[in-house]
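Remarks on the structure that follows.
The values are calculated or read from the model by the stated rules, or taken from the named source; none is laboratory data. No experiment lies behind these values; they were computed from the predicted model shown. We place every Cβ from the backbone using ideal geometry, glycine too, and count neighbours over all the protein chains shown.
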């Protein structure tokens, strides 16, 4: 009995450093800044913000349209670094006029980054 208790304590103590070593996921913010029609296509765009480059650069962004029941997936794109400043952005284009409504952007959580969802935006304007 004492041996079983001792083995259990050794196992517990061995797991504690691993739990302490687990790093929390880095916060990520995604925004939707524009939904508009131009040159026969609908354009969605926004920003990606995080303290870690891996949580912004090349990160998959999915755009949704709010509707009754499950929201409709419009499409997806990847985040990229802006050329004129240090920000990270995303843009998505679809041919034709998208239905009017509320849209939002979402990024899924990864091993190192938290997931995020933007506020909604009315469009296309």
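Checking each residue in the stretch 72-88 for being assigned to a loop (DSSP other than H, G, I, E, B) and surrounded by fewer than 16 Cβ atoms within 10 Å (Cβ to Cβ) picks out 82, 83, 84, 85, 86, 87.
One line per residue, one yes/no per condition, for (1) closer than 16 Å to residue 123 by Cβ; (2) loosely packed, with under 15 Cβ neighbours inside 10 Å; (3) within 17 Å of the chain's Cα centre (by Cα):
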site: 29; (1), (2), (3): no, no, yes
site: 37; (1), (2), (3): yes, yes, no
site: 44; (1), (2), (3): yes, no, yes
site: 47; (1), (2), (3): no, no, yes
site: 50; (1), (2), (3): no, no, yes
site: 55; (1), (2), (3): no, no, yes
site: 59; (1), (2), (3): no, no, yes
site: 64; (1), (2), (3): yes, no, yes
site: 67; (1), (2), (3): yes, yes, no
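To keep it simple, each residue is scored yes or no on (1) assigned to a loop (DSSP other than H, G, I, E, B); (2) modelled with pLDDT of 95 or more.
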{"residue": "16", "(1), (2)": "no, no"}
{"residue": "90", "(1), (2)": "no, yes"}
{"residue": "99", "(1), (2)": "yes, no"}
{"residue": "106", "(1), (2)": "no, yes"}
